[in-house]
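Visitor: Supplied in structure tokens, the structure appears directly below.
The values are calculated or read from the model by the stated rules, or taken from the named source; none is laboratory data. Because the structure is predicted, anything quoted here is derived from the model rather than measured. We place every Cβ from the backbone using ideal geometry, glycine too, and count neighbours over all the protein chains shown.
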Amino acid sequence: MQEFYKKSLLILIAVLLVDGLLAALFVLLSQPTYTLSSNARSGVKWERATMTDTVLKGTSGIRLLDAAPDGMAFDYKLTRVGPFPFASALLVAKDTQGKPALVDLRRYDTITFVARCKPAYPMMLSMTTFDEKISTPGNFITYRSPETFFSCNEHGVPVSLDLRRMTIPGWWLYMMHLNLSSQDYYLDKVQQFSFGSTSQAAFGVDAHVEISNIVLRGHDYRYLVALAIVVTGSLIVFAMWFFRTHAHTLRASLNSKLKKDLPLVAYRQLTLAPYPDEEKASVLKFIATNYTNTELDLEGVVAATGANRNKVNEVLKTELGMTFTGYVNKLRLTEAARLLTEKSAATVAEIAYSVGYANVSYFNKLFKEEYGCTPKAFRTLATQQSVPAESDADTTSPPGMVGTG
């Protein structure tokens, strides 16, 4: 059984290691990321561009600066000329031919980046999304443009914005003759992202902005569900294998144990075996016929047989290789195993008392140490296999008993 437990432990460790690796992989897959990089990815790259109020006859200015592929930097200055002063830096999706592209970003629900700006004015993030019911291809002013605001300062502010909880500006809804409650938008056809000034920015002030580490993040819970199924399934399979193999191994172990103990099941042979040494025969006969006595002890054997303590121990050690206590327990437990197999109506307590144990808990403890399972489990397993009958055992003599002289 020890080998079985070692093997089971190794298999369990292997299962847990595999589950751990799968967990790391599935958790990673459940958190997809997408970088708005100027380098092409899946046939799409995000080009830098600018837009100011010059389209509305304003004079605000903006200038792009060199930045990392996953960020952007720009300087801008707002003027009071024009009805709506603004300046924005854009990330525009382009295909491999440099034409505007619509990108499906439904897997992502958050955009994260680090924002640095000097002076520390609030800024606005907006998206441009194509709406098939309203938008005209190529005419960006007809695209839905949900927006939200974020803070920044010269030290850098980590920003995380929910892409699904942005607001469609009222001026756009008014221009498109839509109800102000028409706030629905979708992320399946995104054209561009814009980082721009707000109405709280100062006029006539040179402002510097850096947006870095722009990443879209999502949650795909299907992988977590799959992970739960895989882990639960693997543990169920291991448990089924463990209990089935454990039962099979335990049955084989018990069968081997019972065959090994056949000489002790035939304890009656102790009274029949011829011994030239009468004192030895007397000791073995007394123990064999009185082991069911709960009061049996070494002193009782010495008193009943007239042999001294050393002689009793010598007999048991020489003939059976056991101590007095070990031999008595062996006789009792072996007989208990036979009774558990043959007397299905008898309770464990009745059997314990009948073989010489006054304490059932102590009997259960010794039985489990001897056979590797409780008496109840032994009875269940024994009924599933062929257990040697007492009649077979009666023809077998204890080791070292026949022909000893």
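Visitor: How many residues, within segment 179-230, are of a type outside the set (Gly, Ala, Ser) and closer than 27 Å to Asn153 by Cα?
Guide: The total comes to 17.
Visitor: Are there any pairs with C-beta distances below 8 angstrom linking a residue in segment 9-21 that is closer than 13 Å to Val230 by Cβ to a residue that is in a helix (DSSP H, G or I) and of a type in the set (S, T, N, Q), with the two at least 6 apart or on different chains, and if so which?
Guide: Listed by first residue and then by second, the contacts come to Val15/Ser234; Val18/Ser234; Asp19/Ser234.
Visitor: Hey, another quick one. Gln200 passes all but one of (1) closer than 16 Å to Ser88 by Cβ; (2) surrounded by 12 or more Cβ atoms within 10 Å (Cβ to Cβ); (3) touching a residue at least 40 places away in the same chain (Cβ under 8 Å); which number fails?
Guide: (2)
Visitor: Out of all the residues in segment 32-44, is one or more closer than 13 Å to Ser197 by Cβ and either touching a Lys or Arg at 6+ places or on another chain (Cβ under 8 Å) or in the same structural domain as Ile229 (by TED's automatic domain parsing) (or both)?
Guide: Within segment 32-44 (the criterion being closer than 13 Å to Ser197 by Cβ and either touching a Lys or Arg at 6+ places or on another chain (Cβ under 8 Å) or in the same structural domain as Ile229 (by TED's automatic domain parsing) (or both)), the answer is no, since none of the residues qualifies.
Visitor: While we're on this one: On the given criteria, is Phe26 modelled with pLDDT under 95, touching a His at 6+ places or on another chain (Cβ under 8 Å), hydrophobic (A, V, I, L, M, F, W, C) and farther than 25 Å from Gln191 by Cα?
Guide: Taking the combined requirement at face value, the residue does not satisfy it.
Visitor: Among the numbered criteria (1) among the aliphatic types (A, V, I, L, M); (2) free of Cβ contacts under 8 Å to residues at least 60 places away in the same chain; (3) crowded, with 16+ Cβ neighbours inside 10 Å, which single criterion is violated by Ala120?
Guide: (3)
Visitor: Let me ask you something else. Report the residue count in segment 299-321 for those that are out of contact with any Pro (no Cβ under 9 Å at 6 or more places or on another chain) and exposed (fewer than 15 other Cβ atoms within 10 Å of the Cβ).
Guide: Residues flagged as out of contact with any Pro (no Cβ under 9 Å at 6 or more places or on another chain) and exposed (fewer than 15 other Cβ atoms within 10 Å of the Cβ) within segment 299-321 amount to 11.
Visitor: Let me ask another. Go through segment 248-287 and count every residue that is under 30 Å from Leu12 (Cα atoms) and modelled with pLDDT of 75 or more.
Guide: 2
Visitor: Being over 39 Å from the mean Cα position of the chain (by Cα), touching a residue at least 24 places away in the same chain (Cβ under 8 Å) and exposed (fewer than 13 other Cβ atoms within 10 Å of the Cβ) is the filter here, so list the residues in segment 150-174 that pass it.
Guide: Within segment 150-174, Ser151, Glu154, His155 meet the criteria.
Visitor: Every residue in segment 52-69 that is within 19 Å of Ala115 (Cα to Cα) and either of a type in the set (A, V, I, L, M) or surrounded by 12 or more Cβ atoms within 10 Å (Cβ to Cβ) (or both), please.
Guide: Those that are within 19 Å of Ala115 (Cα to Cα) and either of a type in the set (A, V, I, L, M) or surrounded by 12 or more Cβ atoms within 10 Å (Cβ to Cβ) (or both): Ile62, Arg63, Leu64, Leu65, Ala67, Ala68, Pro69.
Condition check ((1) β-branched (Val, Ile, Thr); (2) buried (at least 22 other Cβ atoms within 10 Å of the Cβ); (3) touching a residue at least 60 places away in the same chain (Cβ under 8 Å)) across all residues:
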{"position": "Lys330", "(1), (2), (3)": "no, no, yes"}
{"position": "Thr334", "(1), (2), (3)": "yes, yes, yes"}
{"position": "Ala337", "(1), (2), (3)": "no, yes, yes"}
{"position": "Ala349", "(1), (2), (3)": "no, no, no"}
{"position": "Ala352", "(1), (2), (3)": "no, yes, no"}
{"position": "Tyr357", "(1), (2), (3)": "no, yes, yes"}
{"position": "Phe363", "(1), (2), (3)": "no, yes, no"}
{"position": "Leu366", "(1), (2), (3)": "no, no, no"}
{"position": "Phe378", "(1), (2), (3)": "no, yes, yes"}
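Visitor: How about segment 3-51: which of its residues are among the small types (Gly, Ala, Ser), under 18 Å from Asp104 (Cα atoms) and surrounded by 14 or more Cβ atoms within 10 Å (Cβ to Cβ)?
Guide: Answer for segment 3-51, where residues must be among the small types (Gly, Ala, Ser), under 18 Å from Asp104 (Cα atoms) and surrounded by 14 or more Cβ atoms within 10 Å (Cβ to Cβ): Ser30, Ser37, Ser38.
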